[in-house]
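For reference, the structure discussed in these notes is given below.
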Amino acid sequence: MNYTKGEWQIIEGDNCYIIGDERSYTICKVPFYKEAEANANLIAATPNQNQALTEIDQWLIDHPDISDNPQLHIIHIHIRDALAKAEGK
């Protein structure tokens, strides 16, 4: 998946939160409203969450003996669904 790599940061602008990378590249703007700060935090956390889910997904694939656990199987389905959504599938 191709997206802006690196840590994403939040900068408070005049009328919105600006999410960007360490090179000051603007990824998106979130206008100020009730949930704006929480939404900006979720967006900024996306690269870290994607990396973590990708690593867990691969670990579960590499350890089929453990991923036979029914509860882990359900969690793995949720992880795969989240990764697919992030890829626009």
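The values are calculated or read from the model by the stated rules, or taken from the named source; none is laboratory data. In this text, all values refer to a predicted model and were calculated from it rather than measured experimentally. With ideal geometry, Cβ positions are generated from the backbone for all residues, glycine too; neighbour counts draw on all protein chains shown.
Values computed for the structure shown
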item: Within segment 25-58, tally of residues that are within 30 Å of His73 (Cβ to Cβ), surrounded by 11 or more Cβ atoms within 10 Å (Cβ to Cβ) and among the polar types (S, T, N, Q); result: 6
item: Residue list for segment 72-89, restricted to those being under 18 Å from Asp62 (Cβ atoms) and of a type in the set (A, V, I, L, M); result: Leu72, Ile75, Ile77, Ile79, Leu83
item: From the options Asp21, Asp65, residue that is over 18 Å from Lys85 (Cβ atoms), acidic (Asp, Glu) and out of contact with any Phe, Trp or Tyr (no Cβ under 9 Å at 6 or more places or on another chain); result: Asp65
item: Hits in segment 1-24 (condition: surrounded by fewer than 13 Cβ atoms within 10 Å (Cβ to Cβ), at pLDDT 80 or above and among the charged types (D, E, K, R)); result: Glu7, Glu12, Asp14, Glu22, Arg23
item: Complete set of residues in segment 24-38 that are touching a residue at least 12 places away in the same chain (Cβ under 8 Å) and not aliphatic (A, V, I, L, M); result: Tyr25, Cys28, Lys29, Pro31, Phe32, Glu37
